[in-house]
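Participant: Sharing a structure below in structure tokens format, with a few things to ask.
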Amino acid sequence: MSFLLRKKKGESTKMLFATDMHGSEGTWRKFLNASAMMKVDMAICGGDLTGKMIVPVVEGKNGKYAYYLMGKVHETDSGGLEKAFKDIRGIGYYPHLTNESEYKEMTENPKMVDQVFHDVMISTLKRWFDLIPEKVPKETRVVVCPGNDDRVLVDEIIETYKNVINGEGKVINIDDTHEMTSCGWVNPSPWKTTREEEEDKLEARLEGYISQLKNIKSSIFNFHAPPFESKLDEAPLLDKELNPIIRGGSVVMVPVGSKAVRKMIEKHQPFLGLHGHIHEASGSMKIGRTHCVNPGSEYAEGIIRAFLVEFKGDKLIRLQRIEG
């Protein structure tokens, strides 16, 4: 399937690329606002849109509302609920207004917790996508590609919206010269998330996606997993309890990116590689002729990290890291 972005002959193309928002509404809003302010042709969110957990906001018998956030219990009245919800959403969690009876039931029933998370996740995504026509000019195309942490249901939600494109497995014609293919699947991790597979299966998936491109050399690989040993994939080495290993007072960092992604880039040498997944490893580098970037992520602080990319033909005009 192909999607075309119309450009006038001789114009450069501008894209804003960010990733790993993990449910942080503040970061999503900044992404949309920055896309509008910079007048980009395409705004790309490269994976892991959804949050990791819900925060119950429990109404007590005294009429006050209590919730646990950032290591302590907070209490507010009805007038402070809006701010409480904003604070919770701002760091990537999902607030859920409840009462003492339902909360007790949730603590005893994991299936109920999962259903609540499911419902809040869906309503949050719909609210996010409803913001697009409000925040972004209609000339700007918005592309999202669900990442390894995003449930399969996320694809179905995206497909119901006309103002956002699900990039997974699709070819998007950026302009007359450049195409983009996207993949949110990653190599195995200790976290055993939704979209993980062994390197040989990931390689076969990527080859299938790449085979749809007409001109691979001028294409863009929007692959959530960064290439192995690229400095865009360094993360803390973990022990058996998944705690970072510290030696000599410093956290030991190791490459955890995908060998399949690295192989695809070395083999096909596309114009640009857009990556994420490893929040700590922000930066840019080249593999052969291919410019590769990972904006990193500070979603829990509500900070947007992104790259502004501008190009014309085979010339890269600007590769600028954005943060705020």
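Participant: Could you pull out the residue among Ile287, Ile317 that is exposed (fewer than 15 other Cβ atoms within 10 Å of the Cβ), more than 17 Å from the chain's Cα centre (by Cα) and of a type in the set (A, V, I, L, M, F, W, C)?
Facilitator: The unique qualifying residue is Ile317.
Participant: A further question follows. When residues of region 200-211 are filtered for being free of Cβ contacts under 8 Å to residues at least 40 places away in the same chain and either within 23 Å of Met15 (Cβ to Cβ) or in a loop (DSSP other than H, G, I, E, B) (or both), how many remain?
Facilitator: Counting residues in region 200-211 that are free of Cβ contacts under 8 Å to residues at least 40 places away in the same chain and either within 23 Å of Met15 (Cβ to Cβ) or in a loop (DSSP other than H, G, I, E, B) (or both) gives 1.
Participant: Okay, next question. Hey, can you tell me all the residues within region 176-186 that are more than 24 Å from Glu197 (Cα to Cα), modelled with pLDDT of 95 or more and in contact with a Lys or Arg (Cβ under 9 Å, 6 or more places away or on another chain)?
Facilitator: Glu179
Participant: Then there's this: Residue by residue through region 74-105, note down the ones that are among the charged types (D, E, K, R) and either in contact with a Leu (Cβ under 8 Å, 6 or more places away or on another chain) or not in a loop (DSSP other than H, G, I, E, B) (or both).
Facilitator: Of everything in region 74-105, those that are among the charged types (D, E, K, R) and either in contact with a Leu (Cβ under 8 Å, 6 or more places away or on another chain) or not in a loop (DSSP other than H, G, I, E, B) (or both) turn out to be Glu75, Glu82, Lys83, Lys86, Asp87, Arg89, Glu100, Glu102, Lys104, Glu105.
Participant: Could you tell me whether Ile91 is at pLDDT below 95 and either under 30 Å from Gly313 (Cα atoms) or surrounded by 18 or more Cβ atoms within 10 Å (Cβ to Cβ) (or both)?
Facilitator: Taking the combined requirement at face value, the residue satisfies it.
A quick yes/no check of all residues on (1) free of Cβ contacts under 8 Å to residues at least 60 places away in the same chain; (2) in contact with a helix residue (DSSP H, G or I) (Cβ under 7 Å, 6 or more places away or on another chain); (3) in the same structural domain as Lys315 (by TED's automatic domain parsing); (4) in a loop (DSSP other than H, G, I, E, B):
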position	(1), (2), (3), (4)
Leu242	yes, no, yes, yes
Val254	yes, no, yes, no
Arg262	yes, no, yes, no
Ile265	yes, no, yes, no
Pro270	yes, yes, yes, yes
Gly273	yes, yes, yes, no
His277	no, no, yes, yes
Ala281	yes, no, yes, yes
Val293	no, no, yes, no
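Participant: To continue, here is another question. Out of Lys231, Lys214, report the one residue that is more than 23 Å from Ser282 (Cβ to Cβ), modelled with pLDDT of 95 or more and either of a type in the set (Phe, Trp, Tyr) or part of a loop (DSSP other than H, G, I, E, B) (or both).
Facilitator: None of the others qualify; the one that does is Lys214.
Participant: Given Asn187, Asn148, Asn173, which one is closer than 18 Å to Met53 by Cα, in contact with a strand residue (DSSP E or B) (Cβ under 7 Å, 6 or more places away or on another chain), in contact (Cβ under 8 Å) with a residue 40 or more places away in the chain and polar (S, T, N, Q)?
Facilitator: Just one listed residue meets the conditions, Asn148.
Participant: Quick check on Thr124: is it of a type outside the set (A, V, I, L, M, F, W, C), in contact (Cβ under 8 Å) with a residue 12 or more places away in the chain and either farther than 16 Å from Met53 by Cα or in a helix (DSSP H, G or I) (or both)?
Facilitator: yes
Participant: To continue, here is another question. Take the conditions over 29 Å from Leu242 (Cα atoms) and free of Cβ contacts under 8 Å to residues at least 24 places away in the same chain and apply them to Glu179. Does it pass?
Facilitator: Answer is no for this residue.
The values are calculated or read from the model by the stated rules, or taken from the named source; none is laboratory data. Remember, predicted model here, so these are calculated numbers, not experimental data. All Cβ positions, glycine included, derive from the backbone under ideal geometry; neighbour counts span all protein chains shown.
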